[in-house]
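Report on the following structure.
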Amino acid sequence: MTATDSQAQLTILIIGAGLGGLAAAYYFAHEGHHVKSGQQVARHVNEDFSGFPDWGIDRKTTQEILYKSATARGAEIRFGREAVGVDEDQRHASVLFSDGSSSTGDMVLVADGIGSTFRSRILGDGGKARPIVTNATNFTLELEYQDIVESGLHQELASFSDGVVWIGQDRYAIGRYVSKLGKVFLVFDIRNGPAPAEDHKLWQEVCIHMRPGESLVDLICLDWGPRLRPEVLRRLL
């Protein structure tokens with residue numbers, strides 16, 4: 001039974017508009033509830049892919065589908081303002097924003113990701129559920145198939161549609177060609193010594209130390225085996 005059928009329409013406030021927040025916005029809007037969702041910055045990464053040939057979809061496309069589906073059903077999704085607080089009384093819950101504005105509804109759903117500001121406030125666990133910082137930095141790349149053909153690397157990269165892993169010195173890469181999108185997706189994982197355990201924001205930063213004059217492309221292109229090397233995808237195209 002939908003909210004419209006039961007006359008129990010709720011106003012639901014969602015903090016976060018990533019995959020989780022957008023999926024929730026679509027579901028609740030589809031069920032007839034009034035949904036307000038927002039995120040400070042619209043972000044996407046492209047590292048997700050399926051192991052089934054031609055069934056893969058990248059995160060950006062998934063987010064676009066969820067966003068369009070949710071808004072088509074009446075969900076209000078805003079970007080560009082940061083949620084800084086949550087308040088509630090016996091009847092309503094409110095979300096406070098950095099620009100001084102606020103939204104009031106019947107419930108608040110927190111979906112602001114791995115670095116959640118509100119997790120400990122909602123769960124009351126004192127912030128114990130913190131992500132573990134590692135000594136790895138991931139770089140995601142999305143390469144157009146036509147560029148790969150022109151570079152002469154298409155036989156190497158576009159001959160597989162399942163995930164393939166290349167191993168290098170203190171690093172690895174995962175790649176997949178998705179023929180329906182005409183793209184190759186690559187994720188480079190690079191290690192750089194022990195991570196400081198006290199730095200709980202490190203996963204949001206580029207934590208690789210570069211030598212003077214060294215570029216990010218230089219860093220990614222080091223120390224790969226011969227299969228990925230062809231001047232490491234012609235200097236990443």
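The values are calculated or read from the model by the stated rules, or taken from the named source; none is laboratory data. Everything quoted here is computed from the prediction, not taken from an experiment. Here Cβ is always computed from backbone atoms with ideal geometry, including for glycine, and neighbour counts include all displayed protein chains.
Quick check on segment 16-66: of everything there that is modelled with pLDDT under 90 and touching a Ser or Thr at 6+ places or on another chain (Cβ under 6 Å), which residue is nearest to GLY175 (Cα to Cα)?
Of everything passing the filter in segment 16-66, GLU47 is nearest to GLY175 (Cα to Cα).
Scan segment 96-115 and tell me whether some residue there is surrounded by fewer than 18 Cβ atoms within 10 Å (Cβ to Cβ), under 21 Å from LEU19 (Cα atoms) and modelled with pLDDT under 80.
Yes, segment 96-115 contains a residue that is surrounded by fewer than 18 Cβ atoms within 10 Å (Cβ to Cβ), under 21 Å from LEU19 (Cα atoms) and modelled with pLDDT under 80.
Out of the residues in segment 7-27 meeting the condition of being among the aliphatic types (A, V, I, L, M) and touching a strand residue (DSSP E or B) at 6+ places or on another chain (Cβ under 7 Å), tell me which one is surrounded by the fewest Cβ atoms within 10 Å (Cβ to Cβ).
To start, the set of residues in segment 7-27 that are among the aliphatic types (A, V, I, L, M) comprises 8, 10, 12-15, 17, 19, 22-25.
Then keep just the ones that are touching a strand residue (DSSP E or B) at 6+ places or on another chain (Cβ under 7 Å); that gives 10, 12-15, 17, 24-25.
Numbers: LEU10: 15, ILE12: 24, LEU13: 26, ILE14: 29, ILE15: 25, ALA17: 27, ALA24: 21, ALA25: 31.
Across segment 7-27, the extreme among qualifying residues is LEU10.
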